[in-house]
1. Would you mind working out the accessible area per residue for the chain, using a 1.4 Å probe, and quoting it in Å²?
2. Show me the trypsin sites (Lys or Arg not before Pro) within the stretch 46-146 that DSSP assigns to loop and that have at most 14 other Cβ atoms within 10 Å of their Cβ.
3. Using a 1.4 Å probe on the protein chains only, how many percent of the accessible area of the chain belongs to carbon and sulfur?
4. How about Lys175: which aspartates and glutamates have a C-alpha closer than 18 Å to its C-alpha, ignoring those fewer than 8 places off in the same chain?
5. Calculate one ³J(HN,Hα) per residue across the stretch 99-106 by plugging θ = phi - 60° into the Karplus curve 6.51 cos²θ - 1.76 cosθ + 1.60, and present them in order as whole Hz with x for glycine and proline.
6. Please give the contour-minus-distance gain from Ser207 to Trp192: 0.36 nm per residue of separation, less the Cα-Cα distance, rounded to one decimal in nm.
7. Quick one: length gained pulling Leu168 to Cys86 fully straight, 0.36 nm per residue minus the C-alpha distance?
8. Given a Förster radius of 30 Å and the C-beta distance between Gln42 and Lys120 as r, what FRET efficiency does 1/(1 + (r/R0)^6) yield to the nearest 0.05?
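The values are calculated or read from the model by the stated rules, or taken from the named source; none is laboratory data. As the structure is a computational prediction, the values presented were derived from the model and not from experiment. Neighbour counts are summed over all protein chains in view; Cβ atoms, including those assigned to glycine, are modelled from backbone coordinates with ideal geometry. Side chains included, ligands, DNA and RNA excluded: accessible areas come from the protein's heavy atoms. Shrake-Rupley method; radii C 1.70, N 1.55, O 1.52, S 1.80 Å.
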Amino acid sequence: MNIDDVPKQNPTIENMTSVPLSQGDFQSLEMGLNREVSDRQQRSRVLESADRGDYDTAIALLSDLLARHVDSAIDYNNRGLMYFQCDRYEEALADYNKALELDPRLDGAYNNRANCYVAKGYLGEAIADYQIALDFNPGNLRAWINQGITYRDLGLYDLALENFDITLVLGKRLKGRVYAERGRTYHLRGDWNSAIADYNRALEQLSNTFSARRYKKQVVLWLDELYACMIA
């Protein structure tokens, strides 16, 4: 399964001046601060709802935010991700497209749109979107991994391995996931010793979070499948 990007919006107050403020200015500033705090709290509730798998609530919260922030590319991107989790691919694509219309350099939205293309079977379009994400942000590890998985789905094992090797060089984050996907690529290519080594590295590196535990089960299934092939 490909990995999504979930950008978080953290409003900040910039360019504050030392010019004395009138009572009306103070009231306007206070109202603005209150709105920012309220929006931040609502975005936190979106993440909490998504973590629980309550995507309908997350969608409703994001729709409410977008009614007030019609130009928020990040909120469109995140609502698209919630639609994607519900298999509502056309609505997800519409939101990703809107996010990219508002912010053409939002690499996470390209990554997420590519994941949606993969789910719809449009692998060529997905490869192109992953590449755009990487052009804008070469440090987007998820896009490197996802593009590698898609290369593998196309049978382009050498290109897939190159992506996973680059990801390992770029950073320590997601190392367990990279080892697992590289192991799966070796497995499918027939390099079973390298596959076993990478599967075991993945099991050592993966954390103990809920999502990581679920993914470990997948790695164990791949490893068992490989051992069964070796015995047969």
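1. Details: 12630 Å² over 232 residues.
Roughly 54 Å² per residue, with all protein chains present.
2. Arg105, Lys120
3. 51 percent
4. Asp4, Asp5, Glu162, Asp165, Asp198, Glu204
5. Values, residue by residue: 4, 6, 5, 6, 9, x, 9, 7 Hz.
6. Taking Ser207 through Trp192 to full extension adds about 2.9 nm, to one decimal.
7. Extra length available between Leu168 and Cys86 comes to 26.4 nm.
8. Values: r = 30 Å, r/R0 = 1.01.
Computed FRET efficiency for Gln42 and Lys120: 0.50.
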